[in-house]
Amino acid sequence: MIDVDDATGLINAVQFAGGCAGNTIGIAQLVRGQKPEDVISRLEGIKCGMKPTSCPDQLAQALKQVIAK
C-alpha cells in the first residue's frame, strides 16, 4: 500500500507485503514525507544479494506506477 498526498505530492505512508519486517518498516519510515521521484532515484536498481531486485527496488517500481496514474 502506498499513500501519496494528492495536494502536496508527498508520500504519506508505505506498507509492504512480505520482505524483512525490520527493513521494510524502516524504509517506510524513511520515505514518509518524501517526493516519490526522489525515492525512486535513490532506491531503483538496488539488489538483495544475488536476487535481481529488493524491497527498496520494488518500492521504487511501485512508486513509478503510482505517479504514472
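The values are calculated or read from the model by the stated rules, or taken from the named source; none is laboratory data. On a predicted model such as this, the values are computed, not experimentally measured, just so you know. In this analysis, Cβ positions are derived from the backbone assuming ideal geometry, glycine residues included, and neighbour counts consider all displayed protein chains. Please note that ligands, DNA and RNA were not included when accessible areas were found on the heavy atoms of the full protein model with its side chains. Shrake-Rupley method; radii C 1.70, N 1.55, O 1.52, S 1.80 Å.
How do the pairs read when you match residues in segment 55-68 that are closer than 13 Å to residue 41 by Cβ and β-branched (Val, Ile, Thr) with residues anywhere that are open to solvent by less than 40 Å² (accessible area, probe 1.4 Å) and modelled with pLDDT of 95 or more, using Cβ under 7 Å and keeping only pairs 6 or more apart or on different chains?
Every condition considered, the pairs that remain are 67/36.
So residue 30 clears everything in (1) more than 11 Å from the chain's Cα centre (by Cα); (2) surrounded by 13 or more Cβ atoms within 10 Å (Cβ to Cβ) except one condition, right? Which one?
With (1) more than 11 Å from the chain's Cα centre (by Cα); (2) surrounded by 13 or more Cβ atoms within 10 Å (Cβ to Cβ) applied to residue 30, the lone miss is (1).
State the number of residues belonging to segment 1-48 that are more than 18 Å from residue 66 (Cα to Cα), small (Gly, Ala, Ser) and assigned to a helix (DSSP H, G or I).
3
Those residues that are within 18 Å of residue 15 (Cα to Cα), open to solvent by 30 Å² or more (accessible area, probe 1.4 Å) and among the small types (Gly, Ala, Ser), I need them from segment 33-59; list them, please.
Passing the criteria: only 33.
Yes or no: segment 15-23 includes at least one residue that is out of contact with any helix residue (DSSP H, G or I) (no Cβ under 8 Å at 6 or more places or on another chain), surrounded by 13 or more Cβ atoms within 10 Å (Cβ to Cβ) and in contact (Cβ under 8 Å) with a residue 12 or more places away in the chain.
No; the residues of segment 15-23 include none that is out of contact with any helix residue (DSSP H, G or I) (no Cβ under 8 Å at 6 or more places or on another chain), surrounded by 13 or more Cβ atoms within 10 Å (Cβ to Cβ) and in contact (Cβ under 8 Å) with a residue 12 or more places away in the chain.
Picking from 62, 68, which residue would you name as being out of contact with any Asp or Glu (no Cβ under 6 Å at 6 or more places or on another chain) and open to solvent by 40 Å² or more (accessible area, probe 1.4 Å)? Lay out the reasoning, then the answer.
Numbers: 62 fails: open to solvent by 40 Å² or more (accessible area, probe 1.4 Å).
68 is the lone residue from the list that is out of contact with any Asp or Glu (no Cβ under 6 Å at 6 or more places or on another chain) and open to solvent by 40 Å² or more (accessible area, probe 1.4 Å).
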